[in-house]
Each structure stands twice: as C-alpha cells, then as structure tokens.
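These notes are about the structure you will find just below.
The values are calculated or read from the model by the stated rules, or taken from the named source; none is laboratory data. Just so you know, these numbers come straight off a predicted model, no measurement behind them. Because the Cβ atoms are built from the backbone with ideal geometry, glycine has one as well, and the counts that use them run over all protein chains shown.
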C-alpha cells in the first residue's frame, strides 16, 4: 500500500479530522490507489523547470492604509455558534495555573 | 400581454419583450417559479428558492421598466450556485458544515448583477465545496439530469446547468476549478464558460483552489453567456488575483467575428484517448463542417496524460489550506467537545463529506514534510510543462477545439464508488484550469439515446472574445434547439 494505516492517522491529525478504524482502513485503500496513480509524474524530468503557482503574472497589489466603514458586524455575529453579548464563546484554551 | 412560454425565451429575447412591454417581469418570475414547482421535484437543481424575494424584486423591476429605466438584466430571473455569497441568503456549499450559514455580504459578481437589476430566483445544488464531477457529492441530495433523470447532470455546478436546461431561470452562475462549469454544461445541453483566470473576481466565491477557481456564466445561447460574462467581468481590488485589464465588448466581438476564419488546432492526444465512439462521431462531423471556413490542423499537447495527476495534487493541496477555516469557531457547524482540538476534529469529521475529507487528506499528504518535493512541488513543475504546451500550440493556432467529456452523462451511482474513475473523466477540462486559459462548452448534438454532446473551444489568455466568437459560429452551424424531453409534456 502506498500509504499505511499509521500514516493515515498522522495525516488526519494534521487535517484536524478524525476517523474510526473502519473509515481509516477505507482511506488507506482509496488514498493508496490515488497516490499510486500520481507516481507517473516521477517519470518526467523537471530538473530545469520552474514551478507555476499562479498563471496570472501580476505583483501583489497593495492598498492605501485608509480606514473604511465595515457595516457587517451584526451579520457576521448571526452565524456564530454561541454568543455572549457580542463575543463568540469558545472552549477553554488556556489552562489555569 | 403575450403568455410567457419559457421554452421560447433567452435572456436577450426576454429583455426585448420586457422593453416592448409585451411581457412583464412579474409574469416571467411567476412562470419560472411555476416551472420550479413542476420540474424541480424531479430534477432537484435548487437547494434554496427565494420565492418571496424574487416576486418582490419582480414588482420593483416592473415599476422601473414602466418609468423607462434601462438596466442590463432588469427583471430577469437568474440562479446562483450555492458557493457564491448573496447577502442574507444561505450559502451552504452543499455541505453540512455550512448548512445554516447566511452570507453576511454579496460577492462582487452578485453586486454587479444586482446593479443591473437581475433577480436571484434561488441557489443551486453542487458537489460539496465544488469537489466533484456529478453533483452526487452534495451533502443534501443529488441533482438529476433533465435529459434522463437516472443520469447525473455533471458537476460540480450540476444544479446550475440542470436549472438552465430545464428553464428554471434564464441563466446561472457557476464556478469552474477543473471543469465544473464546462462539464455540466455539456451533460445538460447548455452553454457554459470558464473565463481566463483573473477576468472575473473571486471575492465572495467560497474558495476551493485559489489558483484554479473561476466564476463563469451558464446560458441557453452563446450570446446570453457572453452577455452575462460582460456584466460580471472586470478588475476588482478586493480580489488580489484579479486582472487589471479592460474587458472587451463580447457581443460586439461576436458580431464582428461572425465570418472570421480562425486557425484551429485539434490536440492529437485528446482525440486518441478513450472517448465514446458515438460522441466522437458527432464531434468530428461538426469539425468537418467547420473545415470549409477555418484552417484546422492537428497540434500536440504532449503532457496531456499528466494533467489529471497534476491537478489532483495541486487542487487538494490548495483545498487543504482553504478549508482549514471550517473549524466550528466563528461560523458553521460546531460539535460538542471538551477540548479545542476535539471541537476541531469532531466538527470537521461530522461536517465534511467523504470526498471533501479525501481531498483534504490528499492535500495534506502532498504538502507534508518529506513528500512536498515529490508531490506538490513536482506537480507545480509539471503544471509549467502543461502551460508551455498550450503556449507553444498558440504560436501556430488561434484557438483549440476539443471534447469536453470522454463519455455522455453517466448514470447516478455509476462512478461514485471509484474516486479515481471519477477523476479521470476530467481529462479534457483540467488542463485548461491548470493553464488559466478561457474555455467554453457548446452543445453540438444528441446521441442515439437523446443525451447531449458538446464541443469545447479553448483560447489563449485574455482572448475570451475569440473563444466566444468561434463558439457562436459553431452554434449557428449546429442550428439546434436543446429542449429536454421532460419539458415537452
């Protein structure tokens, strides 16, 4: 197999996903088939080739550091899972000493 | 007032009738809503129909038309793929993780359409987060092809293509990352275009793969499609990948190039691949008819066979990054959990579907330490080779003709259990996104079991007007109206 069960669990953690054993085994099979297919790229000589990350050749556009109105705060808060006044409630992230 | 027969209308013809006061927007929108009530229980193109909003806008439009107001889409009902944000309406991306998300703002393309008086009749179904080629990956339900309800409409913009084909709205916007406008357009017998990368703003399009995504129009005709593209195209300072160029007048170009003879290339590698025989016959017949006016020759795109592997490394890698934001914190589905990391993992495990998870995993793997060079960097280099193939070809020819899909629309369930099989069916559309070129799908015929067949026109960067011009010539040569049998009852 191109990828092992252990690697699937490791990658899942990087993705902040979780799988039960059955799901992980299916992932091993499916990803292995796909990763095997990717091997064909190794047959190409790309030693002298530059990568293309964007097909549009432009420089990063900058904007002026001007204050603009942002009227969407209420609309944004409407989508929050849990609110306390105008703050979004999240699980505790800092352990008390 | 003339009665509205949706089978006879296009955006341009409807605008004329509205201007001449032969029909009114209220009638047009009411008929469209009636059509949705009649046909959509079978086709299931829509995730959300805004009946109240659409009728309200129709009344407003009629008032403005009475006053002599002339806006480019005033009173015209349009559907929008559900990964494009309309303020106050849901944008679910056909995912459980965004099931209850209401857009807090309008996408740039929506602002532009609103400014021209367009009426948004609803949001259409898609493969979850635009990942798929059949709309079977929608977390809610699959959409059915109006030409044969047992078959897929294509994907990921399957809902948009099916809606336009079924005359549930006169046009639509979709998104195309690896073929997601062109392929469903081909499967549903409508016109669908992916513009040059950078021509249309991505602000307000939920990102899948940022260097590949583009929003584009669906229409019943090439002119309708060009007309929609004209309105949504243009530089947007809110999209840092937006091209700072002037948008040509597409309809004017189409008219000016009605008799233009083009140098057209047929990629050897595309036509010698495994394509359905009947489809090939239909496509080659149309190409034969074009030979009397155009100079058609064989060209080479030697790295074609590497395109699918290249795409399925790059797109998932970019998706891995773009979908990291769905963490249950500020919006979207949040699972019950005792710790932060558990909240992230549970929310994403429960909120994302199988294909999305597959691609996030592929992306993570390709970018991870020890694999980055062999996978992501390698694929990015092969991307250069694929781009160079096209640039070389365009030294010899003006435009390229190609199939859109290797087969006619397949049956629902046929490919869903084999992800790799599904990926391989994107062979003719993927290279166009990797290179950032403009591409359009135009219907050219029907198979012996009444399924649409289409041809693809591909052009050089920012020659969208010529892609549209050749597409228009092809449409005139074909001279067929594509009406799914479901509408004839």
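The figures follow:
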{"quantity": "Sole residue being crowded, with 24+ Cβ neighbours inside 10 Å, over 30 Å from residue B:289 (Cβ atoms) and out of contact with any strand residue (DSSP E or B) (no Cβ under 7 Å at 6 or more places or on another chain), chosen from B:365, B:372", "calculated": "B:365"}
{"quantity": "In region A:79-97, the residues that are closer than 20 Å to residue B:102 by Cα and within 7 Å of chain B (Cβ to nearest Cβ)", "calculated": "A:79, A:80, A:81, A:88"}
{"quantity": "Exclusive hit being closer than 23 Å to residue B:426 by Cα and not in a helix (DSSP H, G or I), set B:274, B:318", "calculated": "B:274"}
{"quantity": "Positions within region B:324-346 being within 9 Å of chain A (Cβ to nearest Cβ) and part of a helix (DSSP H, G or I), in sequence order", "calculated": "B:324, B:340, B:341, B:342, B:343, B:344, B:345, B:346"}
{"quantity": "Among the candidates A:31, A:44, A:5, A:14, residue that is more than 7 Å from chain B (Cβ to nearest Cβ) and within 30 Å of residue B:311 (Cβ to Cβ)", "calculated": "A:5"}
{"quantity": "Filter result for the condition that a residue is within 13 Å of chain A (Cβ to nearest Cβ), farther than 28 Å from residue B:142 by Cα and in contact (Cβ under 8 Å) with a residue 60 or more places away in the chain, over B:352, B:375, B:394", "calculated": "B:375"}
{"quantity": "Complete set of residues in region B:213-243 that are within 14 Å of another protein chain (Cβ to nearest Cβ) and assigned to a loop (DSSP other than H, G, I, E, B)", "calculated": "B:213, B:235, B:236, B:237, B:238, B:239, B:240, B:241, B:242, B:243"}
{"quantity": "Test for residue A:60: is it facing chain B (nearest Cβ under 10 Å), farther than 27 Å from residue B:337 by Cβ and modelled with pLDDT of 95 or more", "calculated": "no"}
{"quantity": "Matching entry among B:482, B:428 (being surrounded by fewer than 21 Cβ atoms within 10 Å (Cβ to Cβ), in a loop (DSSP other than H, G, I, E, B), away from chain A (no Cβ under 11 Å) and in contact with a strand residue (DSSP E or B) (Cβ under 6 Å, 6 or more places away or on another chain))", "calculated": "B:482"}
{"quantity": "Evaluation of residue B:280 against (1) in contact with a strand residue (DSSP E or B) (Cβ under 8 Å, 6 or more places away or on another chain); (2) within 29 Å of residue B:445 (Cα to Cα); (3) in a loop (DSSP other than H, G, I, E, B) (one fails), failing number", "calculated": "(3)"}
{"quantity": "Of all residues in region B:361-403 being out of contact with any helix residue (DSSP H, G or I) (no Cβ under 8 Å at 6 or more places or on another chain) and not in a helix (DSSP H, G or I), the one that is nearest to residue B:323 (Cα to Cα)", "calculated": "B:369"}
{"quantity": "Candidate set from region B:73-121 (those that are closer than 25 Å to residue A:82 by Cβ, out of contact with any strand residue (DSSP E or B) (no Cβ under 7 Å at 6 or more places or on another chain) and not in a loop (DSSP other than H, G, I, E, B)); member that is farthest from the other protein chains (Cβ to nearest Cβ)", "calculated": "B:96"}
